[in-house]
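Down below is the structure, laid out as C-alpha cells.
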Amino acid sequence: MTALPLVFDAPRRGMPRRHLADLTREEARAAVAELGHPPFRADQLARHFYRGVTDPAKMTDLPAATREELTEALLPGLLTVVRHQTADNGRTRKTLWRLHDGALVESVLMRYPDRATVCISSQAGCGMACPFCATGQQGLTRNLSAAEIIGQAVAAAAAMADGEIEGGPGRLSNVVFMGMGEPLANYARVRKTLDALLTPAPHGLGLSQRSVTVSTVGLVPAIRRLTEEGRNVTLAVSLHAPDDELRDTLVPINTRWKVGEVVDAADAYAKKTGRRYSVEYALIRDVNDQPFRADLLGKLLAGRLAHVNLIPLNPTPGSPWDASPLPAQREFVARLRAAGVATTVRDTRGQDIDGACGQLAAADSISVPSVAVPTPTAEPTMELGAEGDE
Ligand code: SAH
C-alpha cells in the first residue's frame with residue numbers, strides 16, 4: 001500500500017461562482033439590492049432554494065421579468081446529477097454529482113423507519129490519506145464551497161419531500177459529514193453549512209443541532225475552534241486505534257495530534273454541548289481488533305462522555321484488509337461494555353452500491369479530470385478558517 005502525503009492546503013483553482021447559500025442573510029439582501037431589486041427578494045429566493053426549487057418558472061411570487069436575472073445571479077446550478085444508484089429496497093440512494101469544473105462528489109441518502117439521514121461530502125477527494133479509506137486514497141482535488149455542500153443536503157430534503165425515496169413523502173431529519181473529505185480541513189465553509197442546516201426557513205433547512213453530526217479525523221485546533229464557536233452539533237471522532245503506534249499508520253494525522261490530545265479536545269467539546277461524542281472505530285481483521293486493543297480503548301474512554309461506534313471495515317479495492325469476523329466483533333463489544341463504555345455496531349447501508357462508509361470514490365467509469373495533488377511542504381501549515389479564495 002502506498003503511503004500518501006498529508007495535504008492541508010487545497011488548490012485554490014476550481015471554486016464555483018458565488019451563490020446565495022454562500023452568503024449571510026444580510027449579504028444576500030445587499031447583493032439583491034445591488035442588482036436594483038428590493039432586498040426582500042433575497043428571502044424569496046432563499047425560500048425557493050431551500051425547498052429545492054431552481055426553475056425560475058416556478059418562482060411565481062417573483063415578477064416574471066426578474067426571475068431569470070435573479071436566478072442567474074444568485075442561484076447558479078452548481079451540482080449536476082450524473083446518476084443515482086439505489087439499494088436496500090429503494091431506501092438508500094447514492095447520488096454522483098458533477099461540479100462546474102468536472103470534479104465529482106457523492107452523497108448518500110438513507111431512510112430508516114424513524115429518520116432520514118443524508119451523508120454529505122465537504123471536499124472533492126481528501127488530503128488525510130487514511131490507507132483503508134477509498135476517498136483518502138484519491139488525494140485532495142479541492143474544497144467544496146458552502147453552497148456546494150449545502151446543495152447536497154437541500155437536494156436530499158427535496159427528494160424526501162417529493163416522495164422520491166421508497167416509503168412515500170417524508171422529511172430529511174439528519175445530516176452527517178461522513179461523505180468525501182475532511183470537514184474540519186474546510187472549516188469556514190463547513191461552519192457556514194452548519195448555519196444553513198440549523199437556520200429555520202427561509203434561510204436554512206431548520207434541522208436540530210443534535211441531528212447534525214460532524215465527523216473528523218481529529219484536527220485538534222479545529223475541534224477547539226468549533227467548541228468555542230458553539231454550533232453544538234454532534235461530534236464524531238475517527239479514532240480507529242487506542243494507541244499512537246497503530247494510529248500513526250491508520251490515521252496519518254496522528255503524527256501531528258496524538259490520541260490523548262484528540263480525546264481531550266472531544267471531551268471539552270462534549271462538556272460544552274452536554275452531549276456525548278461518538279468514537280468511530282473501523283474493525284479491521286487482525287489489525288486493530290485484538291482483545292488487548294479493546295481493553296486499551298475501554299481504559300482510554302471509561303469515564304469520558306464518549307460512545308463507541310464500531311464499523312466493520314468496508315474493504316476498498318486493492319486493500320489487503322478485511323472486516324473483523326463476527327466473533328472478534330462480539331468480543332470487542334463485550335470488552336468495551338465491560339469497561340463501562342457505551343458501544344454500538346454500525347448498520348452499514350448501501351454496501352452493494354459502494355455507498356457505505358469509506359467507499360465513496362466517485363471515480364469509476366466516469367472520465368475524471370486530472371487531479372492536482374499539491375506537493376506538501378516539509379512542515380505544512382493549516383490555516384483554520386482561512387477563506388482564501390472567497
Ligand atoms: N474525514 C472524516 C469523514 C470520513 S468518512 C473523518 O475522518 O471522520 C466517515 C467514517 O468512515 C470515518 O470514521 C472513516 O474513518 C470511516 N471509514 C473510512 N473508510 C472506511 C472503510 N473502508 N470502512 C469502514 N469505515 C471507513
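The values are calculated or read from the model by the stated rules, or taken from the named source; none is laboratory data. It should be emphasised that the depicted structure is a prediction, and the values quoted were computed from it without experimental measurement. Neighbour counts run over all protein chains shown; Cβ positions are idealised from the backbone, glycine included. Keep in mind that these areas ignore ligands, DNA and RNA; they rest on the heavy atoms of the full protein, side chains included. Shrake-Rupley method; radii C 1.70, N 1.55, O 1.52, S 1.80 Å.
Could you tell me whether Leu310 is among the aliphatic types (A, V, I, L, M) and part of a strand (DSSP E or B)? Break it down stepwise before answering.
Details: among the aliphatic types (A, V, I, L, M): yes; part of a strand (DSSP E or B): yes.
Yes: the conditions hold for Leu310.
What about Gly318, is it part of a loop (DSSP other than H, G, I, E, B), open to solvent by 20 Å² or more (accessible area, probe 1.4 Å) and within 14 Å of the ligand (Cβ to nearest atom)? Answer is yes for this residue. In this structure, Arg41 does not satisfy being without any contact (Cβ under 8 Å) to a residue 24 or more places away in the chain and open to solvent by less than 80 Å² (accessible area, probe 1.4 Å). Considering only residues in segment 228-256 that are away from the ligand (no atom under 13 Å from the Cβ) and crowded, with 20+ Cβ neighbours inside 10 Å, the one that is nearest to Ala156 (Cα to Cα) turns out to be Val233.
Within segment 205-224, the set of residues being assigned to a loop (DSSP other than H, G, I, E, B), at negative phi and buried (at least 18 other Cβ atoms within 10 Å of the Cβ) comprises Leu205, Leu207, Val217, Leu219. In segment 21-115, counting only helices (runs of 4 or more DSSP H) that sit wholly within it, the ones holding 2 or more residues that are of a type outside the set (A, V, I, L, M), under 26 Å from Asn174 (Cβ atoms) and modelled with pLDDT of 95 or more span 40-50.
To keep it simple, each residue is scored yes or no on (1) within 14 Å of the ligand (Cβ to nearest atom); (2) hydrophobic (A, V, I, L, M, F, W, C); (3) touching a strand residue (DSSP E or B) at 6+ places or on another chain (Cβ under 9 Å).
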| position | (1), (2), (3) |
| --- | --- |
| Val259 | no, yes, no |
| Gly274 | no, no, no |
| Tyr277 | yes, no, yes |
| Asp286 | no, no, no |
| Leu296 | no, yes, no |
| Leu313 | yes, yes, yes |
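I'd like to verify a number: residues in segment 138-184 that are assigned to a loop (DSSP other than H, G, I, E, B) and either more than 16 Å from the ligand (Cβ to nearest atom) or buried (at least 22 other Cβ atoms within 10 Å of the Cβ) (or both), how many? Please lay out each step first, then the result.
Step one: list which residues in segment 138-184 are assigned to a loop (DSSP other than H, G, I, E, B), which gives 138-139, 144-145, 162-173, 178-182.
Retained after the next criterion (residues that are either more than 16 Å from the ligand (Cβ to nearest atom) or buried (at least 22 other Cβ atoms within 10 Å of the Cβ) (or both)): 138, 144-145, 162-173, 178-182.
Residues that pass the stated criteria total 20.
In segment 294-312, the qualifying residues are those that are open to solvent by 30 Å² or more (accessible area, probe 1.4 Å) and in contact (Cβ under 8 Å) with a residue 40 or more places away in the chain, and the one that is nearest to Phe177 (Cα to Cα) is Arg304. Residues in segment 95-133 that are in contact with a Gly (Cβ under 6 Å, 6 or more places away or on another chain) and open to solvent by 10 Å² or more (accessible area, probe 1.4 Å): 6 in all.
Identify the residue in segment 65-94 that is open to solvent by 30 Å² or more (accessible area, probe 1.4 Å) and touching a Gly at 6+ places or on another chain (Cβ under 8 Å) and, among all such residues, is nearest to Asp43 (Cα to Cα). This residue is Leu79.
Could you tell me whether any residue of segment 274-283 is farther than 27 Å from Arg224 by Cα and either more than 22 Å from the chain's Cα centre (by Cα) or at pLDDT 95 or above (or both)? Don't jump to the end; show me each part of the working.
Initially, segment 274-283 is screened for residues farther than 27 Å from Arg224 by Cα, giving 283.
Imposing the further condition that a residue be either more than 22 Å from the chain's Cα centre (by Cα) or at pLDDT 95 or above (or both) reduces the set to 283.
Scanning segment 274-283 turns up at least one residue that is farther than 27 Å from Arg224 by Cα and either more than 22 Å from the chain's Cα centre (by Cα) or at pLDDT 95 or above (or both).
What residue, of Arg337, Arg346, is among the basic types (Lys, Arg) and either within 16 Å of the ligand (Cβ to nearest atom) or open to solvent by less than 40 Å² (accessible area, probe 1.4 Å) (or both)?
On the way: Arg337 fails: either within 16 Å of the ligand (Cβ to nearest atom) or open to solvent by less than 40 Å² (accessible area, probe 1.4 Å) (or both).
From the options Arg337, Arg346, the qualifying one is Arg346.
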